[in-house]
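Reviewing the structure listed below.
None of the figures in this text is laboratory data; all of them are computed from the coordinates on show. This structure is a prediction, so every number in the text was calculated from the model and none was measured. Please note: Cβ atoms are built from the backbone with ideal geometry, for glycine as well, and neighbour counts cover all protein chains shown.
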Amino acid sequence: MNGLWYCPAYCMTANQIREFRIDRIKEIVEEKPYPKEKYPIPASIQEYLEKLEVGNDYHIKIQLTDIGVKRCETDCLLARGLKTFPTGGGLLPVQFRDISQPTCMFRNNRV
């Protein structure tokens, strides 16, 4: 994890739920009255996460230089899977999700 906080919220500009970095939010404006029929919002974070479209998982291994190894050693999440070579450098297994399609669209009820 990168230590940053994100908040799922409805974006009036994009007309869909997006994830916003908390440290970049300058102002929150509440629309009154809020048209719930027009903008379906999940009742909880749990509901939001359950309805996310999920892409394919990919597993790759990244070959690192000595500098790359040092960088990974300073990050507790990256350091867990890091394998170093006696000759220098290392290998980092990484898993990520396909994000070629929006990941914040709902499965059954597209907004």
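Remark: the Leu77-Glu19 segment gains 18.7 nm on full extension, using 0.36 nm per residue and subtracting the alpha carbon distance. Computed over segment 6-97, relative contact order equals 23 percent, with contacts defined as Cα pairs under 8 Å that lie 6+ residues apart. Close Lys pairs in segment 6-97 (alpha-carbon distance under 23 Å; sequence gap of 8 or more, or different chains): 5.
Annotation: amide H of Cys11 within the under-5 Å range of Gln16, Ile17, Arg18, sequence separation 5 or more or interchain, hydrogens built in the peptide plane. For the pair segment 1-20 / segment 50-76, the C-alpha centres are spaced 22 Å from each other. Distances between placed amide hydrogens fall under 5 Å for Gly55 paired with Asp98, all partners being 5 or more residues away or on another chain.
Its residue count N sets the reference 2.2 N^0.38 Å, and the alpha-carbon radius of gyration of segment 6-97 equals 1.64 times that reference.
For segment 6-97, the dipole from Cβ point charges (+1 on Lys and Arg, -1 on Asp and Glu) about the Cα centre works out to 220 debye, to the nearest 20.
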